[in-house]
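The values are calculated or read from the model by the stated rules, or taken from the named source; none is laboratory data. Model, not experiment: these values are computed from the prediction. All Cβ positions, even for glycine, are placed from backbone atoms using ideal geometry, and neighbour counts span all protein chains on display.
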Amino acid sequence: MTKRVLYLIACAAGPTQYMDRGVRCAQAAGWDTCVILTPAAARWWEDRLDELAELTGHRVRSQYKLPGESDALPKADAMLVAPLSCTSLNKWGAGIADTLALGLVSEGVHMGVPVTAMPYFNQAQGAQPAVAHSIAALRKQGVQYLDGPDGYEPHPPKRGNPEGFPWDVALAALNLHTQSRDA
Ligand SMILES: Cc1cc2nc3c(=O)[nH]c(=O)nc-3n(C[C@H](O)[C@H](O)[C@H](O)COP(=O)(O)O)c2cc1C
């Protein structure tokens, strides 16, 4: 049986430094995993993109393709944005899709693809009034947004633990989300 395809999408937020752990976790959960980075996140990995490509067996994408260019990745069965930065959260909530990462999820959720997002930002970033509006806008569209006890709670400024990002929790929630869609 062919494996289901997951787009693991990461923004320039602390845990993205350890993105390979997220990939391994997704692979262990049975997903054929493709990595998509925001352009800002791709800068963090620019010297090691080959590592991620080798690990996943797919090109790592971070830019929109050109008109006429064919798709580099197989079609997604599900998408997980982890970690979701505060900036991308607010752009997504406002309907701005100026990165491939946001374009994929903005359209994907309205094309029936299950989309889950696990944020990672601090309490000072999370205190911006736009954040609550953006979370509500995402949930209204059917995005599974993981915060509170079931996900990631913003940490006090300068007190994050990016290495401890709970990729496994995000993947378990995504699994339930996809199963509920399939039922
Ligand atoms: C070293 C560094 C660490 C950062 N960590 C975070 C973070 O954990 N969460 C967050 O929301 N933004 C963080 N930022 C800010 C984002 O990188 C910035 O808002 C960026 O524009 C996000 O773009 P993207 O969402 O397109 O990746 C960090 C910035 C730097 C330079």
* Could you list all residues from the stretch 112-134 that are within 16 Å of the ligand (Cβ to nearest atom), under 16 Å from residue 165 (Cβ atoms) and within 17 Å of the chain's Cα centre (by Cα)? => 117, 118, 119, 120, 121
* Structure fact -> Here the qualifying pairs (Cβ atoms under 7 Å; residues six or more apart or on different chains; first in the stretch 157-176 and in contact (Cβ under 8 Å) with a residue 60 or more places away in the chain and surrounded by 11 or more Cβ atoms within 10 Å (Cβ to Cβ); second assigned to a helix (DSSP H, G or I) and among the acidic types (Asp, Glu)) come out as none
* Matching option when the condition is among the acidic types (Asp, Glu) and touching a residue at least 40 places away in the same chain (Cβ under 8 Å), among 32, 50 -> 32
* Asked: For the subset of the stretch 110-124 comprising residues that are part of a loop (DSSP other than H, G, I, E, B) and touching a Ser or Thr at 6+ places or on another chain (Cβ under 9 Å), which member is farthest from residue 27 (Cα to Cα)?
  -> 121
* Residues located in the stretch 20-46, provided they are within 17 Å of residue 57 (Cβ to Cβ), surrounded by 20 or more Cβ atoms within 10 Å (Cβ to Cβ) and aliphatic (A, V, I, L, M) -> 23, 26, 35, 36, 37
* Candidate set from the stretch 1-19 (those that are in a helix (DSSP H, G or I) and near the ligand (Cβ under 10 Å from one of its atoms)); member that is surrounded by the fewest Cβ atoms within 10 Å (Cβ to Cβ) -> 17
* Do we find a residue being acidic (Asp, Glu) and either in a strand (DSSP E or B) or within 11 Å of the ligand (Cβ to nearest atom) (or both) anywhere in the stretch 25-48? -> yes
* With the condition kept exactly as written, say whether any residue in the stretch 39-57 is farther than 22 Å from residue 182 by Cα and β-branched (Val, Ile, Thr). => yes
* Asked: On the given criteria, is residue 183 surrounded by fewer than 23 Cβ atoms within 10 Å (Cβ to Cβ), away from the ligand (no atom under 16 Å from the Cβ), at pLDDT below 95 and aliphatic (A, V, I, L, M)?
  -> yes
* Residue that is surrounded by the fewest Cβ atoms within 10 Å (Cβ to Cβ), among those in the stretch 72-111 that are within 19 Å of residue 17 (Cα to Cα) and more than 11 Å from the ligand (Cβ to nearest atom) -> 80
* Structure fact -> Of the residues in the stretch 68-109, those that are of a type in the set (Lys, Arg) and either closer than 13 Å to residue 10 by Cβ or part of a loop (DSSP other than H, G, I, E, B) (or both) come to 75
* Across the stretch 138-156, what is the total count of residues that are modelled with pLDDT of 95 or more, surrounded by fewer than 17 Cβ atoms within 10 Å (Cβ to Cβ) and more than 15 Å from the ligand (Cβ to nearest atom)? -> 4
